[in-house]
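Take a look at the structure set out below.
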Amino acid sequence: MANRAPDWFAQAGFDLRHARNSLAAGDYEWACFAAQQAAEKAVKALILHLNGEGWGHSVTRLLLDLASLTEVPEEVLLAARRLDKHYIPTRYPNGFDAGAPGDYYTSGEAGQAITDAESIYQFCGNAIR
């Protein structure tokens, strides 16, 4: 079976572009979720590139597992911890006591999520190339 790491990394780039577009459109919750997805897919790409197998949706957990194959900088882990908080509440109204996710997310949070995803994407890309 072919190694699909390039496909996962390409999709991570598309998700990162979607995050930026969502930020520009004012869809901050979607920007945060797309950023988390970009990071998740970039890490899964790196794991596949190293002939591993990444399961689950926690970027933090994936990176901790990846640490057995390569060194993961602390700032990359911190970015992952911030991003993982956007996996569920960005999409589901029951993530909050009242209101929809779009009522809660801000431009600043979306910008930070994109910065965090870019950091992880770059780390993974440097290791893949």
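The values are calculated or read from the model by the stated rules, or taken from the named source; none is laboratory data. These numbers were taken from a predicted model, which means no experiment stands behind them. Because the Cβ atoms are built from the backbone with ideal geometry, glycine has one as well, and the counts that use them run over all protein chains shown.
Numerical summary
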{"item": "One residue from 68, 107, 58, 22 being among the polar types (S, T, N, Q) and closer than 13 Å to residue 120 by Cβ", "result": "58"}
{"item": "Subset of region 63-89 [modelled with pLDDT of 95 or more and farther than 30 Å from residue 103 by Cα]", "result": "63, 64, 72, 73, 74"}
{"item": "Subset of region 2-38 (residues that are assigned to a helix (DSSP H, G or I), farther than 17 Å from residue 55 by Cα and among the acidic types (Asp, Glu))", "result": "15, 29"}
{"item": "Looking only at region 1-52, and only at residues there that are in contact with a helix residue (DSSP H, G or I) (Cβ under 7 Å, 6 or more places away or on another chain) and exposed (fewer than 15 other Cβ atoms within 10 Å of the Cβ), the one that is farthest from residue 101 (Cα to Cα)", "result": "3"}
{"item": "Subset of region 72-99 [exposed (fewer than 12 other Cβ atoms within 10 Å of the Cβ) and within 18 Å of residue 27 (Cβ to Cβ)]", "result": "92, 99"}
{"item": "Number of positions in region 100-126 that are surrounded by fewer than 17 Cβ atoms within 10 Å (Cβ to Cβ) and of a type in the set (A, V, I, L, M, F, W, C)", "result": "1"}
